[in-house]
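Below is one structure, written out as structure tokens, with a few remarks after it.
The values are calculated or read from the model by the stated rules, or taken from the named source; none is laboratory data. Keep in mind it's a predicted model, so treat the numbers as computed, not measured. Reconstructed Cβ throughout: ideal geometry from the backbone, glycine too, with neighbour counts over all protein chains shown.
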Amino acid sequence: MFKLGLTGGIGSGKTLVCSVLEKLGVPVYYADIKARNLMNSDTDLQAGIVNMFGERAYTKEGLNRAFLAESVFGDQERLSRLNKLVHPVVRADFISWVARQGRTAYVVEEAAILFESGASLEMDLSVLVYAPQEIRIRRVMERDHLERDAVLKRMEHQISEEEKKKLADHVINNDGTAMLLPQVIELHKRILNSR
């Protein structure tokens, strides 16, 4: 099965590109959403998180995301240890998900940290949805009703868009200078023609 890894910084438009691909019939695995779900449903993963962060990591409602975010914020070692717990579970879930997709030309994994997690190494093609930082900041401020500093803090935890450009096999430009839809359709056709 041909696997396309799609990434981009916060506010780049990854979800919009994925929604277009889904309309074209391409199955999309949203790694970040799946990771959150697995942190609430996988008992071994839960036990590892509690062992690392203590009982406050979960409430009666499930994962205590605010506590966990506060626990790893600014602490690269703790974040790395958390990622080492979560990423293998997400990888196994992705492999299982791919096996269930049946007859499809290709699948997409959408992940904010595709390169950082090493997931890009499993992909046949990596695609970056690119938008300059100022555009992304504005989009996230409007979308999430956040202050500029809060958006910048979120961005600190991702490698730069320039670095991602070097790592990606293909770039979709979503800065408003080129129409997005034709770029996505062209990529889709290119993959189908290569199959």
Problem - Residue list for region 105-134, filter: among the hydroxyl-bearing types (Ser, Thr, Tyr) and in contact with a Lys or Arg (Cβ under 8 Å, 6 or more places away or on another chain) - result: TYR106, TYR130
Practice task
For region 75-85, state whether one or more residues are in contact (Cβ under 8 Å) with a residue 40 or more places away in the chain and either closer than 21 Å to GLU116 by Cβ or not assigned by TED's automatic domain parsing to the domain that holds GLN158 (or both).
Solution key: yes
Practice task
From the list SER194, SER96, pick out the single residue that is modelled with pLDDT under 95 and under 21 Å from GLU22 (Cβ atoms).
Solution key: SER194
Practice task
Go through (1) surrounded by 19 or more Cβ atoms within 10 Å (Cβ to Cβ); (2) in contact with a Lys or Arg (Cβ under 6 Å, 6 or more places away or on another chain) one by one and return the number of the condition PHE67 breaks.
Solution key: (1)
Exercise for the section: Looking only at region 112-123, decide whether some residue is touching a residue at least 12 places away in the same chain (Cβ under 8 Å), within 19 Å of TYR30 (Cβ to Cβ), surrounded by fewer than 18 Cβ atoms within 10 Å (Cβ to Cβ) and among the aromatic types (Phe, Trp, Tyr). Expected result: no
Completion exercise
Condition set closer than 27 Å to VAL107 by Cα, at pLDDT below 90 and not β-branched (Val, Ile, Thr), scope region 156-174, selection surrounded by the fewest Cβ atoms within 10 Å (Cβ to Cβ): answer is GLU162
Practice task
Test SER19 against the stated conditions and say whether it is modelled with pLDDT of 95 or more, of a type in the set (S, T, N, Q), surrounded by fewer than 17 Cβ atoms within 10 Å (Cβ to Cβ) and closer than 30 Å to GLU162 by Cβ.
Solution key: yes
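Do we have SER71 as under 20 Å from the mean Cα position of the chain (by Cα) and outside the structural domain of GLU116 (by TED's automatic domain parsing) here?
Judged against the criteria, SER71 is not a match.
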Handout entry: Selection count, region 7-59, where residues are under 14 Å from ASP93 (Cβ atoms), of a type in the set (A, V, I, L, M, F, W, C) and free of Cβ contacts under 8 Å to residues at least 24 places away in the same chain
Key = 1
Exercise for the section: Just give me the residues in region 165-179 being within 21 Å of LYS3 (Cα to Cα) and either in a loop (DSSP other than H, G, I, E, B) or in contact (Cβ under 8 Å) with a residue 40 or more places away in the chain (or both), in sequence order. Expected result: LEU167, ALA168, ASP169, HIS170, VAL171, ILE172, ASN173
